[in-house]
Amino acid sequence: MKRSPSITSKLPPLLALAAVLAVWLIASEGGLVPEFMLPSPAQVGAALVSEFPTLLDNAAVTLQEAALGLGIGIAVALVLATLMHRVRALYRACYPLLVVTQTIPTVAIAPLLVLWMGFGMAPKVTLVALTTFFPIAVSLLEGYASTDKAAADLLRSMGASRWQIFRHLEFPTALSYFFSGLRVSVSYAVVGAVISEWLGGFEGLGVYMTRVRKAYAFDRMFAVILFIVAVSLLLMALVTLLRRLAMPWEAYEKIERND
Amino acid sequence: MSGEESASALRAEGVTKAYDGRVIIQDISIHLETGELVCLLGVSGAGKTTLFHTLSGLERPEAGRVLLQGEDITGRPGKISYMLQRDLLLPHKKIPDNVALPLVIRGEKPRAAREKALGYFAQFGLEGTQDKYPAQLSGGMRQRAALLRTFLGSQGVVLLDEPFSALDALTKREIHRWYMGMMDQLQLTTLFITHDIDEAILLSDRIYILSGQPGRISAGLTIQPPRPRDLEFSLCGEFLAYKKQILSLLERQG
Ligand SMILES: Nc1ncnc2c1ncn2[C@@H]1O[C@H](COP(=O)(O)OP(=O)(O)O)[C@@H](O)[C@H]1O
Ligand SMILES: [Mg+2]
C-alpha cells in the first residue's frame, strides 16, 4: 500500500523551522542584538515585498548564467562519464584529476576566471559549469558501475552489442543516479553564479548582494538570502518533478519496497 | 562422426569449463534433438549454470565445442535463447517492451516487435499487463513474461535455468500444467535446469544428471510415457520407479 507522507513525518522539520524563527524573533525584537545588525522577521518580510521586482530582474540574469553553466556541465559530464565508463584507461587517467579539480575552492578560481574572461557572462557560466559537472559525472559513473551483471549477460546472450547494452541497460540504470547528482548540481549552479557575480558584473543577485552589503542594508541582505534559498528549493523540486516524469517506474518500485 | 549426429539441434562435445583455474565442469557431451524437452538435473553448485553459460556462448570453454544444427557456435552468443536463473525483467521497461527486447536487439522496429509480443499475451496469461512495469507484477506473472521473452527470441533452441524454482508449490503446479500444453504448440527444442526431481520426471523426454567435482554427466535416462503427461502421472508407480532410480544415481555420485 502506498502511504501518503503523513503529518507525523512533516512535523519534525516544521518544529525545527518554528524554533529557528522563535530564536530569531526573541533575538531581534527582544533587543538581544542591535536592530540594525539583525532585522526582525517583519522587517525582512517588508524588504522582500518592496524589493521583489528588483530581485526578480536580477534573478533573471543569475538564472540565465546558472542554466547555461548547468547545461554545459551536464553535457560535459554525460560525455566524459560515458567515455570514462567505456574506456578503462581513460577512467584510470581521469578520475584522480577529476577529484583534484574539485578540491580547488570555487572562490579561489572565480577571480582567475574574471581576469581571464572579463566581467561579462563568460566567467560566470564557466564557473557554474565547473562546479556542476562534477557531482553529475561522479553520479553517472557510479550508476553505470551499478549495472546488474546478470542483466548484462542476458542482453549479451541475445547478441546485444556494447552500444545496445548501454542504451537498454546501463544508461537507464544510471538515470536515477544522474538525477541525484543533478539535484545537488542545481543548488551548486545558483550559488556558483551568485559567487561569481560578487567579483564583478553589472546585474544579478550577486551584484545586488554586494550593493546592499556596502549600504549596510541588513534587511535587504536577509531578503536576498531568503530569496536565493527559495529559488534553490524551487529548482530542486523541479528536478524531482523531472525525475518522476522521466522515470515513472520508480513510483512502483517504492510501493514494492514498502510492502 | 556420422551426418545423423551432426544434425542434432544442439550438441556439446567434450566441453570443459574452468573459473580462475578451478575446473567446474569436465568433458561434457550432450545432445538435444529437434522438438525434445530435456532436463539437466543436479544438486546446487554442480555446475549447471556454468554449462548453460558455456552452451549459450556467454563463456568460452577451455576445451570442447558447441554445435547448433552442426554449426560451431562455441563462445558466440546470440544464437540460442537463454533464460537466466532470475527473471531479469528490466525495471524501466513496460512488460511488452521487456518481452520484445530480443527482437529489438536483433534489429526489428520496436513498435512492430511490441505488437508481435502482444499477440502472445493471452496465451501466456499476461492480459492486463500491457501498461505495467515489472515491479507491478506477481512472481508467477513475471516468470511467464520472462518465458515469453525467451520463446519470442528463440530461433529454435531454448535454455531455461531453473525456470520454475522461484515459485511457490501451488503456482508451480499451475505453471507446470500450462507449460506442458504450451510446449506442444510452440514446437521448441528445450534444455532446462532443475534440482527438483519430480519436475524433471513430469516434464521431460530425457534427463541428464550432472554430478561430482568437477561436474560430469553421470547418467542419461529416458522417461517413457509420451508428453504431455497430466499431473496424475506424478502419483503412479512408474513415476516412483523413475524417482528411485534418479535418487540412487545422485547418491552414488555423492
Ligand atoms: N563467474 C564465476 N567465477 C568463478 N566461479 C564461478 C563463477 N560462476 C560459478 N562459479 C562456481 O562454479 C560452481 C558451480 O556453479 P553453478 O554453475 O552456478 O552451479 P549450479 O547452477 O549447478 O548451482 C560454484 O562453485 C561457483 O562458485
Ligand atoms: Mg544455477
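For A:R211 and A:L245, FRET efficiency with R0 = 30 Å and r from the beta-carbon atoms, rounded to 0.05? Walk me through the numbers before you get to the answer.
Details: r = 39 Å, r/R0 = 1.29.
Using R0 = 30 Å, I get an efficiency of 0.20.
The ratio of the alpha-carbon radius of gyration of chain B to the globular-protein estimate 2.2 N^0.38 Å is 1.01. The antiparallel fraction among DSSP beta bridges confined to chain B stands at about 55%. Going from the fewest other Cβ atoms within 10 Å to the most, the residues A:D219, B:D20, B:D196, B:D168 appear in the order B:D20, B:D168, B:D196, A:D219. Remark: A:I225, B:I95, B:I193 ranked as A:I225, B:I193, B:I95, counting other beta-carbon atoms within 10 Å and listing the fewest first. Pairs over the 24 Å Cα-Cα cut-off, from the set B:K109/B:K132; B:K48/B:K93; B:K48/B:K109; B:K109/B:K172; B:K116/B:K172: B:K48/B:K93; B:K48/B:K109; B:K109/B:K172; B:K116/B:K172.
Once both labels are positioned 7 Å from their Cα atoms along Cα-to-Cβ, the gap between B:A241 and A:L234 label points is 8.3 nm.
Give the Rg/Rh ratio for the stretch B:1-124, taking Rg as the radius of gyration of the Cα atoms and Rh as the Kirkwood radius, to two decimals. Walk me through the intermediate numbers first.
Details: Rg = 16.9 Å, Rh = 16.5 Å.
In the stretch B:1-124, Rg relative to Rh is 1.03.
Remark: the stretch B:120-137, residue by residue, has Karplus-estimated 3J(HN,Hα) of 9, 4, 5, 4, 9, x, 10, 4, x, 10, 4, 10, 9, 9, x, 4, 8, 9 Hz, where x stands for each Gly or Pro and the curve is 6.51 cos²θ - 1.76 cosθ + 1.60 at θ = phi - 60°.
One decimal place: the segment B:R76-B:L118 gains 12.2 nm when fully extended, by the rule 0.36 nm per residue minus the C-alpha distance.
Which of A:W116, A:W198 has the fewest other C-beta atoms within 10 Å, and how do the rest follow up to the most? Let's see the in-between values first.
Values: A:W116 11, A:W198 17.
Fewest to most other Cβ atoms nearby, the residues stand as A:W116, A:W198.
All Cα-Cα separations within the stretch A:57-133 were binned at 10 Å from zero, giving a P(r) of 19, 41, 30, 10, 1, each value a whole percent of the pairs.
Counting residues in the protein assembly as shown as N, plug N into 2.2 N^0.38 Å and put the Cα Rg over that result.
Details: Rg = 31.8 Å, N = 513, 2.2 N^0.38 = 23.6 Å.
Ratio of Rg to 2.2 N^0.38 Å for the protein assembly as shown: 1.35.
Within the shell defined by Cβ-Cβ distances under 14 Å, the residues around B:L103 carry a net charge of +4, with Lys and Arg each +1 and Asp and Glu each -1. With the biggest extent put first, the Cα atoms of the stretch B:72-181 measure 40, 32, 25 Å across the principal axes.
Look at where the Cα atoms of the stretch B:180-254 and of the stretch B:86-108 average out, and the two centres are 30 Å apart.
Mean projected area of the convex hull spanned by the Cα atoms of the stretch B:142-198, taken over all viewing directions: 3.9 nm². With a sphere of radius 15 Å drawn around the Cβ of A:Q64, what net charge do the other residues whose Cβ falls strictly inside it have (Lys, Arg +1; Asp, Glu -1)? Combined, the nearby Lys, Arg, Asp and Glu give -3.
Across the stretch B:205-217, computed HN-Hα scalar couplings (Karplus, 6.51 cos²θ - 1.76 cosθ + 1.60, θ = phi - 60°) run 7, 9, 10, 9, 10, 9, 7, x, 10, x, x, 10, 7 Hz from first to last residue, x flagging Gly and Pro. Equivalent ellipsoid of the stretch A:43-199: semi-axes from √(5λ) of the C-alpha gyration tensor, largest first, are 37, 19, 12 Å.
The H on the amide N of B:A18, modeled in the peptide plane, is under 5 Å from the matching H of B:I24, B:E62, each at least 5 residues off or on a different chain. A dipole drawn for the stretch B:68-149 from +1 and -1 charges on Cβ atoms has a positive end, and of B:Y120, B:G107, B:I73 the residue lying farthest that way is B:G107.
How much net charge surrounds A:P41 when only other residues with a Cβ under 11 Å from its Cβ are counted (Lys, Arg +1; Asp, Glu -1)? With Lys, Arg at +1 and Asp, Glu at -1, the net is -2. Using a simple spin-label model with pseudo-atoms 7 Å out from Cα toward Cβ, A:S9 and B:S165 lie 3.7 nm apart. For the stretch A:149-259, the fraction of C-alpha pairs more than 20 angstrom apart is 61%.
Laboratory data are not the source of any read-out in this text; all were calculated from the coordinates shown. Quantities reported herein were computed from a predicted structural model and do not represent experimental measurements. No Cβ is skipped: glycine too gets one built from the backbone with ideal geometry, and neighbour counts run over all protein chains shown.
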